[in-house]
Amino acid sequence: MALLLIRAKGLSQGISQLRFFAHQATMKKGLVLGVYEAESQDGVTLTPTAVKYNELVNGKLLESISLAGPKLKKAETRVFWGLEPAESRQHVGVAVVGLGKPNVGVNELEEIHEGKENVRIAAAAGVRALDAVEIKDIHIEALGDAEAAAEGASLTRWFYQGYKNKEKQKVLPEISYYGSEGEQDWHKGVIKAEAQNWARKLADTPANWMTPSIFAEEVSSVLTPLGVNVQVHDKAWAQQKGMGSFLSVARGSNEPPKFLEIAYNGAGQAGKPPIVFVGKGVTFDSGGISIKPSAQMDEMRADMGGAACVVASIKAAAVLQTRVNIVGLIPLTENLPSGTATKPGDVVIAMNGKTICVDNTDAEGRLILADALCYAQEFNPKFILDIATLTGAMRIALGGVATGVFTSSTELFENLKEAGTYTGDRVWRFPLWQHFNDRMTKAHKAVDVNNMGKNKGGGSCTAAGFLREFVDKDTPWLHLDIAGVMGPDNDDLPYLPAGMTGRPTRTLVQFLEQLS
């Protein structure tokens, strides 16, 4: 009799477990709601949307949170089942995520808006928690900031798996907004994050599938339908322009170089000076004759990260209809060793007539940017901003926590810094002193400029000093070195999965919005 009871009990437990797992398996929708840390030790404060949902389910949400134990800390998540309204025919998994303390603003020391960053991290944590239990239709409330919630959710839901067998690819969750207010801000956040995701895709695509020609084709196919003019210039055009510095890098590859010229006229005023963005577009960098070590060389597929950020920020500006005029200039090439490659010690001539000794062919990014910066002057720009995965020294200096900025304009830097504070993707200013220019212009008595400084240390600063030689002194200029934030190991922003990061696309988009 006892044995029969034990078996019956075991059968009952097994049926309960089957029902539990079946219940989970049939769940179609997920919902992410937020709670703040309350002043009392044992309480939580629901967001306004969570308050309404708690009322809708007759208090079961707050009851479940209380029964689950200690209050949720920032970014901690708990998933509850069976909290859907009685009349609902959909099973709902509710992820409740901690937002930290309420009413948090800018931390001046950290130079970041902690409230917005808490929302991004929380939204991402909620999406990941529901995705982990195979819920692919996820609704997310504003969590106090709809734009930031959209950014965190959109960035964390996507990662690159471009050439994996379709049957083995992970199904990515679909996300949508839950609430009646803040929907416009949500859409803005999605646009910014999806632009960054495009930059991530471009940078993470293997180099044989993202050559200069393929990059140009994809950019044209994406931007042209948005009303953005895209011109793809060839090698003959660059030769006609006298871009000897750019073309010297392309000599080692069989892939033909391209030079993208992109125009977005959001201000709608003919003749108004545009902002010129210049992006480094080395689609693979072996180092040329000064070849890199083989370890992690595959990461150099993302050496066009600056170009990816430029096109992604222009895409977002076009979708958002940002009222600015932008010209994007992108020299595209591979940097490979061959019998025709530039040799260390060769002398090349840039578009502005300056002679350059190519002391190290692995310092190629500054060579292609030099001619693009010269060409940028022809547009009578309001200012020039170039962005490049330029120096390993920047990764040593800042790691992955911020983009290094060199600029001749304090006003522009403060504007960019404000944008980085807002987006959580920060920037940090480095010196643009004559001392570093002198290291490049006085290193070789037979030429105007050397592409490498003769002294050790300050590699990012001397690279900026080199670029400064190709910008008109009366033109405001910013140089962004993004080598540290490129990826692929990304532990600095919890809402970004591992892989190439597309940073700082959202900061550039916010920067443009502030200028408009």
Practice problem: Give the distance, in whole Å, between the Cα centre of region 459-516 and the Cα centre of region 54-82. | Solution: 41 Å
Quiz item: For region 162-172, what does the Karplus curve 6.51 cos²θ - 1.76 cosθ + 1.60, with θ = phi - 60°, yield as ³J(HN,Hα) per residue in whole Hz, taken in order and with x for Gly and Pro?
Solution: x, 10, 7, 3, 3, 5, 9, 5, 5, 6, 7
Quiz item: Using modelled amide H (1.01 Å from N, peptide plane; none on Pro or chain starts), what sits under 5 Å from the amide H of Gly252, excluding residues fewer than 5 places away?
Solution: Leu336, Thr342
Practice problem: Please report, in Å, the Rg and the Dmax of region 50-149, where both are computed over Cα atoms only. | Solution: 14.4, 50
Quiz item: Can you list the lysines whose alpha carbon is less than 17 Å from that of Lys272, not counting same-chain residues fewer than 8 positions off?
Solution: Lys382
Quiz item: Gap in Å between the Cα centre of region 110-187 and the Cα centre of region 224-281?
Solution: 34 Å
Quiz item: How are the Cα pair distances of the chain distributed, in percent, across 10 Å bins from 0?
Solution: 4, 18, 26, 22, 14, 9, 5, 2, 1, 0, 0
Quiz prompt | Under-5 Å amide H pairs with Val32, H placed in peptide plane, nonlocal only | solution = Ala95, His139, Ile140, Glu141
Exercise. Over the chain, give the accessible area per residue in Å² for a 1.4 Å probe, as an integer.
Key: 43 Å²
Quiz prompt | Percent of alpha-carbon pairs separated by more than 16 Å within region 476-516 | solution = 45 percent
Quiz item: Of the accessible area of region 384-516, with the probe set at 1.4 angstrom, what percent is carbon plus sulfur?
Solution: 49 percent
Quiz item: What full-extension length gain, to one decimal in nm, is calculated for Lys442 and Tyr163 as 0.36 nm per residue of separation minus the Cα-Cα distance?
Solution: 95.6 nm
Quiz item: How large is Rg/Rh for region 201-336, to two decimals, with Cα atoms and a Kirkwood Rh?
Solution: 1.00
Quiz item: If R0 is 25 Å, what FRET efficiency do you get for Gln434 and Val347 from their C-beta distance, rounded to 0.05?
Solution: 0.55
Quiz item: What is the projected area of the convex hull of the Cα atoms of region 378-431, averaged over all directions, in nm²?
Solution: 4.5 nm²
Exercise. Any chance you could run the full-extension gain for Trp237 through Glu414? It's 0.36 nm times the residue separation minus the Cα-Cα distance, nm to one decimal.
Key: 60.0 nm
Quiz prompt | Translational D in µm²/s for region 284-384 (Stokes-Einstein at 37 °C, 0.692 mPa s, Kirkwood Rh from C-alpha pairs) | solution = 211 µm²/s
Quiz item: Could the peptides 449-459, 321-331, 298-308 be put in order, highest first, of the mean number of other beta-carbon atoms found within 10 Å of their residues?
Solution: 298-308, 321-331, 449-459
Quiz item: Roughly what would the spin-label model give for Ala263 and Asp298, points 7 Å off Cα along C-beta, in nm?
Solution: 4.2 nm
Quiz item: Under a 5 Å amide H to amide H cut-off, with H placed in plane at 1.01 Å, what residues pair with Lys292 once short-range neighbours are removed?
Solution: Gly287
Quiz item: In region 390-516, how does Rg compare with the Kirkwood Rh, expressed as the Rg/Rh ratio over alpha carbon atoms?
Solution: 1.01
Exercise. Determine the equivalent ellipsoid of region 237-299 by diagonalising the alpha-carbon gyration tensor, then write out the semi-axes as square roots of 5 times the eigenvalues, largest first, rounded to whole Å.
Key: 32, 16, 9
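The values are calculated or read from the model by the stated rules, or taken from the named source; none is laboratory data. The shown structure was predicted, so the numbers you read here are calculated from the model rather than taken from an experiment. All Cβ positions, glycine included, derive from the backbone under ideal geometry; neighbour counts span all protein chains shown. Ligands, DNA and RNA are excluded from the accessible area calculation, which covers all protein heavy atoms including side chains. Shrake-Rupley method; radii C 1.70, N 1.55, O 1.52, S 1.80 Å.
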